1. Of everything in segment A:30-39 that's modelled with pLDDT under 90 and farther than 10 Å from residue A:211 by Cβ, which residue is farthest from ligand 2 (Cβ to nearest atom)?
2. Among the numbered conditions (1) over 19 Å from residue A:37 (Cα atoms); (2) away from ligand 2 (no atom under 16 Å from the Cβ); (3) surrounded by 15 or more Cβ atoms within 10 Å (Cβ to Cβ), tell me where residue A:226 comes up short.
3. If we keep just the residues of segment A:11-20 that are in contact (Cβ under 8 Å) with a residue 24 or more places away in the chain and away from ligand 2 (no atom under 16 Å from the Cβ), which is nearest to the other protein chains (Cβ to nearest Cβ)?
4. Out of A:168, A:153, A:138, which single residue is surrounded by fewer than 17 Cβ atoms within 10 Å (Cβ to Cβ) and under 30 Å from residue B:252 (Cβ atoms)?
5. Return the total of residues in segment A:47-62 being within 17 Å of the chain's Cα centre (by Cα) and more than 16 Å from ligand 1 (Cβ to nearest atom).
6. Tally up the residues in segment A:40-59 that are in contact with a strand residue (DSSP E or B) (Cβ under 7 Å, 6 or more places away or on another chain) and either under 15 Å from residue A:86 (Cα atoms) or within 14 Å of ligand 2 (Cβ to nearest atom) (or both), please.
7. Output the residue which, of all residues in segment A:21-46 that are closer than 16 Å to residue A:56 by Cα and away from ligand 1 (no atom under 13 Å from the Cβ), is farthest from the other protein chains (Cβ to nearest Cβ).
8. So which of B:295, B:318 is surrounded by 14 or more Cβ atoms within 10 Å (Cβ to Cβ), at pLDDT 90 or above and either over 19 Å from residue B:218 (Cα atoms) or outside the structural domain of residue B:183 (by TED's automatic domain parsing) (or both)?
Ligand SMILES: Nc1ncnc2c1ncn2[C@@H]1O[C@H](COP(=O)(O)OP(=O)(O)OP(=O)(O)O)[C@@H](O)[C@H]1O
Ligand SMILES: [Mg+2]
């Protein structure tokens, strides 16, 4: 059974429809990429998947259970399994990087303070931020904020990890390390990863499944393995996107 | 080019080859307004004529884009005749079709419709206050039954911010208010040789009204606004969303500690303000020849435990009103820095209004109850 299923999802802000009739499945241990032009609704789709925005119509299901119409208590159960990194990082500015990661751990586990700190230090090390534990978000760069956001998303070893443009603003080496980290997380923890990204190199390196959102038609143009779509998609726009504008 | 320095001109001409848009002159940010000739067109030009065109900067492509956008019959291809660089810029600008339904529609506001809008907005505002208060009560319920948590360190920091750190400003304002009351009272009462009753006047005014109300107003400008600004910037930065997705209830985590801190601190600040205000009155009376002992003795005949607890009692409600207005405006602030500023302003207006309204309701209630 699919880990995440989206059925007939329409997303709108008031009367402005961003995307309509989205239908796709994300299987367990997938690394699933959401692609599309800037402003087409990728972040908005992510917000629907994690329940921060209600669909105009349609449903989101996790393991076949309806998430959209679930009661708040039930929803809480789903949300516990998520780890989310926002496009802006969205670290809590009044806490240090280590405290940002420690806070969810303190909230959801009974670990003693020392172990919590150790976990936070370890998660920061995974994203290459060793030594910056006691800096405040305002004292580190944009890319570092982003990486700390990824570390925080991984704080509770989530079942499903949602990353909104994790590699935007990172240098090529950091972004390469990030790809490796995502693959490792999938392989060691068995996490399912949903990533919004434009970076083709990264898409082909990690993703095994994807959706392409089309700004013009306002709906999905293709789903499937991006490597296959690059060469075989019947939609020329998708092929063009995956070939960086060169028409094959 | 002959027209190097002439003003920018755009004229439409109907020629044999079709509709021609002739561009000429020098297009600069500093140049004179564009001469438009040939009226409004409803058709895409068939060609451009630019032999008289001088230097241009972004004003020309901006003008062209504006005119072409107005035309209803569009074609996907731009007609020939533009200089190469301009052609390229225009193709870029026209490359991504305009998302017409994404445009923010500005409906012409007639008197009646704006009245209707204002009414719905006011009604929605009432709804959101009621909903927010309800959420806060639920959150308080979870706190009392031990099912909610916030970081105790946050709580102590907030407590400090709206307690100890507010003492100097509360002291200053209360001292001055007490002194002003004494001066004004003395001028009137001295006419009747009743100078001593300044003690009654200052004492009663402070403990019943001025202490609580002045403290509340200071705290709405100081602490209420700070709550709105800090929660507002958290919501602009998606920090509140991040709390939600980590299973924190933003009410329990952000609103409740602020509410509790203010509700705890307001009565203490009010007592402090009462004492300082009466002290200020005493100083003034002293300079006007009423010795402190006499002032004190007279004061004790005027105030008793009942009336001196009225202001303190009210201050609890004022504290709750300030915290709710500040947090409500902060939490529903939009996602920009302008929105944060608006939220701060609105929170101060809302809390001062609710303080005055609450105070009048208390005045009526106390009159009916005859206290
Ligand atoms: N709060 C909002 N109110 C109204 N419209 C919004 C709001 N947030 C986003 N939109 C609109 O929704 C559309 C999709 O926005 P979204 O942020 O999801 O884009 P995106 O695909 O993530 O873009 P990017 O790649 O640049 O991050 C945009 O056209 C935007 O104007
Ligand atoms: Mg986005």
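1. A:37
2. Failing condition for residue A:226: (1).
3. Out of the qualifying residues, it is A:17.
4. Among A:168, A:153, A:138, only A:138 is surrounded by fewer than 17 Cβ atoms within 10 Å (Cβ to Cβ) and under 30 Å from residue B:252 (Cβ atoms).
5. Here the count works out to 2.
6. 10
7. A:23
8. Only one candidate qualifies: B:295.
The values are calculated or read from the model by the stated rules, or taken from the named source; none is laboratory data. None of the values given here were measured: they were computed from a predicted structure. Every residue, glycine as well, gets a Cβ built from its backbone with ideal geometry; the counts of neighbours run over all protein chains shown.
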